[in-house]
Every structure is written in C-alpha cells, then in structure tokens.
1. Would you mind stating whether Arg62 is touching a helix residue (DSSP H, G or I) at 6+ places or on another chain (Cβ under 9 Å), part of a helix (DSSP H, G or I), outside the structural domain of Lys163 (by TED's automatic domain parsing) and free of Cβ contacts under 8 Å to residues at least 12 places away in the same chain?
2. Considering only the range 49-70, state which residues are surrounded by 15 or more Cβ atoms within 10 Å (Cβ to Cβ) and of a type in the set (S, T, N, Q).
3. Quick one: is Thr88 part of a helix (DSSP H, G or I), under 16 Å from the mean Cα position of the chain (by Cα) and modelled with pLDDT under 95?
4. Tell me the residue from Gln165, Gln140, Gln122 that is in the same structural domain as Phe29 (by TED's automatic domain parsing), out of contact with any helix residue (DSSP H, G or I) (no Cβ under 7 Å at 6 or more places or on another chain), in contact (Cβ under 8 Å) with a residue 12 or more places away in the chain and not hydroxyl-bearing (Ser, Thr, Tyr), please.
5. Which residue, of Ser190, Ser198, is at pLDDT 95 or above and either out of contact with any helix residue (DSSP H, G or I) (no Cβ under 6 Å at 6 or more places or on another chain) or surrounded by fewer than 14 Cβ atoms within 10 Å (Cβ to Cβ) (or both)?
6. Taking helices (runs of 4 or more DSSP H) that do not extend beyond the range 168-245, which have at least 1 residues that are touching a Cys at 6+ places or on another chain (Cβ under 6 Å) and either small (Gly, Ala, Ser) or touching a residue at least 12 places away in the same chain (Cβ under 8 Å) (or both)?
7. Please find, among Ile120, Ile131, the residue that is part of a helix (DSSP H, G or I), touching a strand residue (DSSP E or B) at 6+ places or on another chain (Cβ under 8 Å) and either basic (Lys, Arg) or modelled with pLDDT of 90 or more (or both).
8. Please go through the range 76-132 and pick out each residue that is hydroxyl-bearing (Ser, Thr, Tyr) and crowded, with 16+ Cβ neighbours inside 10 Å.
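The values are calculated or read from the model by the stated rules, or taken from the named source; none is laboratory data. A quick note: this is a predicted structure, and the numbers were derived from the prediction, not measured. No Cβ is skipped: glycine too gets one built from the backbone with ideal geometry, and neighbour counts run over all protein chains shown.
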Amino acid sequence: MPSKERFEFTAQGVTDREEFPMPPSGIVFLFDVDNTLLDNDRVTEDLQRYLEREVGRERQERYWTIFEQLRVELGYADYLGALQRYRTEYPRDPHLLTVSHFMINYPFADRLYPNALEVIEQVKQWGTVVILSDGDVVFQPRKVERSGLFETVGGNVLIYIHKDQELDDVEQRYPAEHYVLIDDKLRILSAVKTAWASRVTTVFPRQGHYAMDRQVLARFPPADVTITSIGDLLNHDLSTLQIGR
C-alpha cells in the first residue's frame, strides 16, 4: 500500500499523509465527517438500542453518562474510551466484547448522507478534498475508513483533538490560496472564519442535532453559505465558494 494511504499518529491528531507539505493548491475543500457527510445521530441511536438490548436500560444509561463525562474531559467523543471506563465498573459483564465488536464493525457506509460521495467527487473538479475531523485515534479513523470516505478523498484525512486549534498544521499540510470548510457546527465555522477571514468560505449544512440547536444558532454568526443538506452542493455553483466574505 502506498505510504500516503495510511494513518500517522501525532501529538496533534491523526493524519494519513507524510510530513512533507503538498504544493500550494488554488482551493482546498475541508469536509467534516459527523453529521456533515455521515449521519452520526443515527449511529448513536443504533448504539443506544444495541446497548439496551445487550446490557439493559440502566447500564445503557450509565454508559452514556460516562460517555458525556469523557466528552467534557477530553473535548471530543470517545466511544471506545467510554466503553473502557464502563468496563472498570462492570468488569465481569460478558456483553462487553459483543458491544466492542458492534462498534468496530459497524456498517458506517450505510450511514452516509444521500449523495455525500457524489458531492466529494464533484468538488474534486475544483480543488483538493480533505477530511478534517475531531476524534479519538481508533474509532474515528475506523469510521472514516469503513464509510468509504478515506478511499474517496484519496487518503487526505486529518483527525485532531481540536481541529479549530490546529489550522496552522492544516495550512502546512495542505497550503492553498483559498479554503472551503463544510461543517455542521457553527462554532467551528465561526472559529475558522475568525482565524482565516476572507481566505475561507464557510458552508453550513443544517443536518444533525447541533445544526438544529436554537441556542447555538443564536450564539454564532451565520456561515457564508447555508444549505439544507450536503447533497445540495451538487446543485450549487461551486465557483462562488472561492469568494470569502
């Protein structure tokens, strides 16, 4: 397998690329994963149902309590880390291995939003496409790989703990005259817009629970472009995305 098609684990996050930056590109499209290209809310619902069936409602609820505590502690979702912590409370639970198997082998490709891969293929005609995500160093890369996103973007994948704090690294690895960031979280879009100003066009697909949270919508300024779903980009004039506000 070519050296670029593998994940490298660094202090900042996970990347599949070599340390040498690419030649400058005219435009780089940065796609988030969860609730941007992939319906992570449905993944969570499936896991909730599976946990309740395997360990019962009380222990299922305990897992999600641990999950939320760990999210606050780490700053990102760590499904397997929460399972490990859950295991310390229930070390003799025989269902833990089946839950782990369910997570690792989950059919993420079935949870891609309609036309997600088609959108990526279309924007490739305009510039370089990169997955830019937050997450842990095991489950998130697994999700990107099993969903088919890794292959579709040609191995251009960056996974950080806090991606909005690693923009200098993004620029070094994928230098460009202009960036287009597609993300379901207005907080991230706003932070990147503040940092890159007119060098970035922010695109907000209103998908998932974060994108529907009225308090979040009221707290942050609107993105440069708002769309109902990721598939709407198929009918969008992509040339307009090169002009940041």
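1. Working: touching a helix residue (DSSP H, G or I) at 6+ places or on another chain (Cβ under 9 Å): yes; part of a helix (DSSP H, G or I): yes; outside the structural domain of Lys163 (by TED's automatic domain parsing): yes; free of Cβ contacts under 8 Å to residues at least 12 places away in the same chain: no.
Criteria not met by Arg62.
2. If we filter the range 49-70 for residues that are surrounded by 15 or more Cβ atoms within 10 Å (Cβ to Cβ), which is where we start, we get 50-52, 54-55, 59-60, 62-64, 66-67, 70.
Matches in the range 49-70: Gln60 only.
3. no
4. Details: Gln165 fails: in contact (Cβ under 8 Å) with a residue 12 or more places away in the chain; Gln122 fails: out of contact with any helix residue (DSSP H, G or I) (no Cβ under 7 Å at 6 or more places or on another chain).
Just one listed residue meets the conditions, Gln140.
5. Criteria check complete, one pass: Ser190.
6. In the range 168-245, no matching helices (runs of 4 or more DSSP H) lie anywhere.
7. None of the others qualify; the one that does is Ile120.
8. Tyr76, Tyr79, Tyr86, Tyr106, Tyr113, Thr128
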